[in-house]
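Enquirer: Could you have a look at this structure, given as structure tokens, before my questions?
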Amino acid sequence: MKLDNEDLFEQEVEELIQEIHTHYGYDFSGYARASVYRRIKRFLNNQHLSTIGELREAVFNDSFYFESFLQEITVNVTEMFRDPSFFLSLRTNVLPILSTYPFIKIWDAGCSTGEELFSLAILLKEEGLLERTKIYATDINQKVLKQAKEGIFSASNIAAYTAGYYASGGKQEFSSYYLSNYGSLKFDSSLIKNVVFYPHNLATDSSFNEFHLVVCRNVLIYFNRQLQERVFTLFDESLVNLGYLALGKKETLAMSEINKNYNFVDKGNRIYRKTG
Amino acid sequence: MGTASHLIVIGGSWGGIQASLSILSALPSDYSIPIVLVLHRLRNTDGDLNSIFEKKLLLKAQEVEEKDNITKGYVFLAPSNYHVLIEKDYSFSLDVSELENYSRPSIDVTFTSAADVYGKNLIGILLSGASKDGSSGLKYIFEKGGTSVVQDPREAEVSTMPQSAIDIIPECTVLNLEGIKEFLFFLHDHRTA
């Protein structure tokens, strides 16, 4: 695809974002633009569309087509045990404290296709906490929530996942958690029997419960400062006092209003604790 | 908001660390143009690439954090397992989407995104590497009116990456490391950022 005028493209994208909000209720106005532009160009390319006009027609004539567009714009790429040092830190610094509660509630915000969710569940099981933990797994995208519930992941990443599991302090044989079949891994569904899957849009929906731990890694990178601030406030409202907040390795509370109420538990792995 | 004006983006893979160290360690601490460096590296490792650069450079070396402003005096390193994008307000965005050319960070992703923001004020430099990542991004920089520089494949530790760029951008400037340093000093002296 060749665009003669980048400015024109960007202007058309802004109009499209507004129309999507009106028509479908999804608000992308607070999304960081560099990624949105890149995802849209990518989608145009893959769909062999040459203009935003063609895209508009397709997106508004067919809600299924819009679904696949939504999938592309909201990046759903994820992996098990991404940053093993984070999971190790969670295991050693956070779970021992959470284990003092009779009942634990965790929010996995932006859980995508579930790789992180199953990684968390495996950790909780090995620390003896899974039975008394309820995890709320949310995403803007209902399609990926369904996938997450299936717990079937491609076997092509198995080497990296296995290495990540052991580097995260894994105590069992990693292979005891899944059945391998025709290039895919089906994870033990008992891992998610206490998981609630919930469509939730961080850009527009409000707080729905109180949690001891909120995990939201590499989701905020797609939002602008204003939307980030909204989400931080949402997390703050959703955390009990002394609750934990885990962000992606390159995300920070530093610029946020709520920062003053949070201390680092592990700076390198961006694990915060609410203090007041 | 980061610095407007110019930006230098450098990409490398196999042999790229040594090549970029050789170039960047020659630059003064007040170098007038911000620099972004995308090197292929192992995923899910807390590489100490940043500390290597911190030790060897007069410029400050920093791994990109999301929303960091693009500022002169810095070499911004693409973090392991993230793509680096550039926003219109001259700040960084990070992205964990699909690998491009088997790589995350991908050089193509950063080069393309930077070209959309900096246009003719972008200088792209592609160094040694055993990958084809970077060449289409460097071509895009050229098409947007920016400057495309390629390390001389005869000098590069692995010639695949520079050679594949030369193959698709015949108009690019081919320089050895000494030549690239000289060119960067010329930019420092002739442009006020």
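The values are calculated or read from the model by the stated rules, or taken from the named source; none is laboratory data. All values derive from a computational prediction rather than experimental measurement. Cβ sites come from the backbone with ideal geometry, for glycine too, and all protein chains shown count toward neighbours. The area values use the complete protein model at the heavy-atom level, side chains included, leaving out ligands, DNA and RNA. Shrake-Rupley method; radii C 1.70, N 1.55, O 1.52, S 1.80 Å.
Enquirer: Of all residues in segment B:109-124, which are under 14 Å from the mean Cα position of the chain (by Cα) and within 16 Å of B:Val84 (Cα to Cα)?
Expert: Passing the criteria: B:Val109, B:Thr110, B:Phe111, B:Thr112, B:Ser113, B:Ala114, B:Ala115, B:Tyr118, B:Leu122, B:Gly124.
Enquirer: Which numbered condition in (1) of a type in the set (Phe, Trp, Tyr); (2) free of Cβ contacts under 8 Å to residues at least 24 places away in the same chain; (3) closer than 19 Å to A:Trp107 by Cβ is the only one that A:Phe223 fails?
Expert: Checking A:Phe223 against (1) of a type in the set (Phe, Trp, Tyr); (2) free of Cβ contacts under 8 Å to residues at least 24 places away in the same chain; (3) closer than 19 Å to A:Trp107 by Cβ, the one that fails is (2).
Enquirer: Take the conditions under 19 Å from B:Leu85 (Cβ atoms), in contact with a strand residue (DSSP E or B) (Cβ under 7 Å, 6 or more places away or on another chain) and either open to solvent by less than 10 Å² (accessible area, probe 1.4 Å) or at pLDDT below 95 (or both) and apply them to A:Leu239. Does it pass? Explain how you work it out, then say what you get.
Expert: On the way: under 19 Å from B:Leu85 (Cβ atoms): no; in contact with a strand residue (DSSP E or B) (Cβ under 7 Å, 6 or more places away or on another chain): yes; either open to solvent by less than 10 Å² (accessible area, probe 1.4 Å) or at pLDDT below 95 (or both): yes.
No, not satisfied.
Let's see how each residue does on (1) surrounded by 21 or more Cβ atoms within 10 Å (Cβ to Cβ); (2) of a type outside the set (A, V, I, L, M, F, W, C); (3) without any contact (Cβ under 8 Å) to a residue 40 or more places away in the chain:
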{"position": "A:Asn201", "(1), (2), (3)": "no, yes, no"}
{"position": "A:Val215", "(1), (2), (3)": "yes, no, no"}
{"position": "A:Thr233", "(1), (2), (3)": "no, yes, yes"}
{"position": "A:Lys260", "(1), (2), (3)": "no, yes, yes"}
{"position": "A:Gly268", "(1), (2), (3)": "no, yes, no"}
{"position": "A:Arg273", "(1), (2), (3)": "no, yes, yes"}
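Enquirer: Output the residue which, of all residues in segment A:71-83 that are part of a helix (DSSP H, G or I) and more than 10 Å from chain B (Cβ to nearest Cβ), is most open to solvent (accessible area, probe 1.4 Å).
Expert: Within segment A:71-83, the subset part of a helix (DSSP H, G or I) is A:71-73.
Now restrict to residues that are more than 10 Å from chain B (Cβ to nearest Cβ): A:71, A:73.
Values: A:Gln71: 42, A:Ile73: 13 Å².
Looking at the filtered set, the residue picked out is A:Gln71.
Enquirer: Would segment A:98-121 turn up any residue that is away from every other protein chain (no Cβ under 14 Å), open to solvent by 10 Å² or more (accessible area, probe 1.4 Å) and aromatic (Phe, Trp, Tyr)?
Expert: yes
Enquirer: Let me ask something else about it. In segment B:179-193, what count of residues is obtained for those that are over 17 Å from the mean Cα position of the chain (by Cα) and either of a type outside the set (Ser, Thr, Tyr) or in a helix (DSSP H, G or I) (or both)? Spell out how you get there, then give the answer.
Expert: Going through segment B:179-193, the residues over 17 Å from the mean Cα position of the chain (by Cα) turn out to be B:186, B:189-193.
Then drop every residue that is not either of a type outside the set (Ser, Thr, Tyr) or in a helix (DSSP H, G or I) (or both), which leaves B:186, B:189-191, B:193.
Residues that pass the stated criteria total 5.
Enquirer: From the list B:Tyr31, B:Tyr90, exactly one residue is modelled with pLDDT of 95 or more, within 16 Å of the chain's Cα centre (by Cα) and at positive phi. Which is it? Step through it out loud before you land on a result.
Expert: On the way: B:Tyr31 fails: at positive phi.
Within the list B:Tyr31, B:Tyr90, the selection yields B:Tyr90.
Enquirer: Find the residue count for segment A:122-153, including only residues that are under 20 Å from A:Leu90 (Cβ atoms), open to solvent by 20 Å² or more (accessible area, probe 1.4 Å) and in a loop (DSSP other than H, G, I, E, B).
Expert: 2
Enquirer: Just give me the residues in segment B:22-64 being of a type outside the set (D, E, K, R), open to solvent by 20 Å² or more (accessible area, probe 1.4 Å) and either within 20 Å of B:Phe111 (Cβ to Cβ) or more than 13 Å from chain A (Cβ to nearest Cβ) (or both), in sequence order.
Expert: Residues of segment B:22-64 of a type outside the set (D, E, K, R): B:22-29, B:31-40, B:42, B:44-45, B:47, B:49-53, B:57-59, B:61-62, B:64.
From what's left, open to solvent by 20 Å² or more (accessible area, probe 1.4 Å): B:22, B:25-26, B:28-29, B:40, B:42, B:44-45, B:47, B:50-52, B:58, B:62.
Selection gives B:Ser22, B:Ser25, B:Ala26, B:Pro28, B:Ser29, B:His40, B:Ser51, B:Ile52, B:Leu58, B:Gln62.
Enquirer: Among the residues of segment A:10-29, count how many are open to solvent by less than 30 Å² (accessible area, probe 1.4 Å) and within 13 Å of chain B (Cβ to nearest Cβ). Write out each step before concluding.
Expert: The first filter runs over segment A:10-29 and keeps only residues open to solvent by less than 30 Å² (accessible area, probe 1.4 Å), leaving A:10, A:13, A:16-17, A:20, A:28.
Filter once more, keeping what is within 13 Å of chain B (Cβ to nearest Cβ): A:10, A:13.
Qualifying residue count for the region: 2.
Enquirer: I'd like to check which helices (runs of 4 or more DSSP H) are fully inside segment A:5-70 and have at least 1 residues that are of a type in the set (Gly, Ala, Ser), free of Cβ contacts under 8 Å to residues at least 24 places away in the same chain and in contact with a strand residue (DSSP E or B) (Cβ under 8 Å, 6 or more places away or on another chain). Explain how you work it out, then say what you get.
Expert: Values: elements: A:6-24, A:33-46, A:52-61.
Once the helices (runs of 4 or more DSSP H) in segment A:5-70 are filtered for at least 1 residues that are of a type in the set (Gly, Ala, Ser), free of Cβ contacts under 8 Å to residues at least 24 places away in the same chain and in contact with a strand residue (DSSP E or B) (Cβ under 8 Å, 6 or more places away or on another chain), what remains is A:33-46.
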